[in-house]
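Visitor: Dumping the structure here so I can ask a few things about it.
Nothing in this text is a laboratory measurement; each read-out follows from the coordinates by a stated rule. The shown structure was predicted, so the numbers you read here are calculated from the model rather than taken from an experiment. All Cβ positions, glycine included, derive from the backbone under ideal geometry; neighbour counts span all protein chains shown.
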Amino acid sequence: PSAGLLAGRRVIVTSGPTHEPIDPVRYIANRSSGKQGHAIAKAALAAGASVTLVTGPVNLPDPPGASCIHVETAREMYRAVEAALPADIFVGAAAVADWRAEESAPEKIKKDPDQRPALTLVENPDILAAVARRGGGRPALVVGFAAETENLIDNAKAKLARKGCDMIIANSVRSEAGTFGGERNKVAVVTAAGVDPWPELTKGEIGERLIVALSKLLPGAAT
Ligand code: C5P
């Protein structure tokens with residue numbers, strides 16, 4: 001049903017977690033399987049788009065036909081996204097670590113009961129906000145995710161404004177929702193026009209439905 005909807009369009013999707021090294025064997029990360037981001041990239045490909053998928057470490061195959069860039073850290077992800085621009089649509093589905101260790105130790109930190117290691121964290125670049133606030137070359141549609149454990153819709157509305165993006169896909173990650181690593185997801189789509197709760201669907205179905213919704217919002221789309 002979505003065939004050709006994004007023909008001639010360029011789409012960039014981020015997916016998966018980022019890994020921020022503490023030393024050569026340890027890292028800080030968020031939980032993320034990459035399933036939702038990869039499903040969105042596949043749906044965009046099925047709709048005829050030219051797709052760049054910038055992915056952190058995941059156990060998923062590269063979607064055939066996408067240009068896949070594999071990264072570890074938020075800063076690498078940011079550079080890869082910048083290099084992949086311009087695009088018509090940017091979807092930030094990655095669970096980017098908000099913080100990284102200020103310094104990553106060159107050798108494995110040894111266990112020493114008298115000296116507990118202290119981590120100084122510094123903020124990572126906010127890729128979604130940076131793309132949404134670009135002066136020149138901003139994608140027509142910038143989409144982010146809000147994974148929250150409480151006050152989902154209020155948080156998503158605040159995030160829409162704070163990040164400057166056009167759409168936030170809000171999903172509850174309370175443990176009973178089974179979102180992490182699961183095949184299904186229940187989301188609400190938050191735009192300036194309002195809140196649209198979707199039924200529980202597979203992550204593949206959410207990808208397809210999102211691509212159809214975005215194709216209608218693109219400037220020049222038939223209404
Ligand atoms: O602020 P928060 O992390 O909750 O926002 C989530 C959204 O922002 C997701 O779309 C995520 O991909 C994006 N994000 C980002 N870079 C960051 C943090 C979050 O692109 N450093």
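Visitor: Would you please give the residues with an amide H less than 5 Å from that of Arg184, counting only those at least 5 places away or on a separate chain, with H modeled from the backbone geometry?
Guide: HN-HN under 5 Å from Arg184: Lys203.
Visitor: If you stretched the chain out fully between Ser67 and Ala83, how much longer would it get, using 0.36 nm times the residue separation minus the C-alpha to C-alpha distance?
Guide: In short, 4.5 nm is gained.
Visitor: Remind me, relative contact order of the chain in percent, using alpha carbon pairs under 8 angstrom and six or more residues apart? Could you put the intermediate results ahead of the total?
Guide: Working: 490 pairs, mean separation 45.9, N = 223.
The normalised contact order for the chain reaches 21 percent.
Visitor: I would also like to ask the following. Using Cα positions and a limit of under 20 Å, work out the aspartates and glutamates in reach of Lys108, with same-chain residues fewer than 8 apart set aside.
Guide: Glu20, Asp23, Glu72
Visitor: Give Lys42/Lys203; Lys157/Lys203; Lys35/Lys216 a once-over and call out the pairs whose C-alpha atoms are over 19 Å from each other.
Guide: In this structure, Lys157/Lys203; Lys35/Lys216 lie more than 19 Å apart at Cα.
Visitor: Within 10 Å of each candidate Cβ there may be at most 16 other Cβ atoms; applying that plus a DSSP loop requirement, which trypsin sites (Lys or Arg not before Pro) in segment 117-203 survive?
Guide: Within segment 117-203, the qualifying trypsin sites (Lys or Arg not before Pro) (loop, at most 16 other Cβ atoms within 10 Å) are Arg133, Arg134, Arg174, Lys186.
Visitor: With springs connecting C-alpha atoms under 10 Å apart, model the chain as a Gaussian network and identify which of Arg138, Arg209, Arg116 has the largest mean-square fluctuation.
Guide: Answer for the Gaussian network model of the chain: Arg116.
Visitor: What nm value, rounded to one decimal, do you get for the distance between Arg133 and Glu76 when each label is placed 7 Å out toward the C-beta?
Guide: Here the answer is 2.6 nm between the modelled labels.
Visitor: Calculate the dipole size of the chain relative to its Cα centre from +1 charges on Lys and Arg beta carbons and -1 charges on Asp and Glu beta carbons; express the result in debye to the nearest 20.
Guide: So the magnitude is around 440 debye.
Visitor: Can you bin the chain into rounded, prolate or oblate? Criterion: square roots of the alpha carbon gyration tensor eigenvalues sorted a ≥ b ≥ c, rounded for a/c under 1.5, prolate for a/b above b/c, oblate for the rest.
Guide: Judged from the Cα gyration tensor, the chain comes out prolate (a/c at least 1.5, a/b above b/c).
Visitor: Restricting to segment 78-223, compute how many DSSP beta bridges are antiparallel as a %, nearest 5.
Guide: Taking every DSSP beta bridge with both residues in segment 78-223, the antiparallel ones total about 55 percent.
Visitor: Within straight cross-link reach of Lys159, meaning Cα distance under 18 Å, which lysines are found once same-chain residues fewer than 8 apart are removed?
Guide: Correct list for Lys159: empty, as no lysines qualify.
Visitor: When a/c is below 1.5 the answer is rounded, else prolate if a/b is larger than b/c, else oblate, so apply that to segment 86-188 with a ≥ b ≥ c taken from the square roots of the Cα gyration tensor eigenvalues.
Guide: Oblate.
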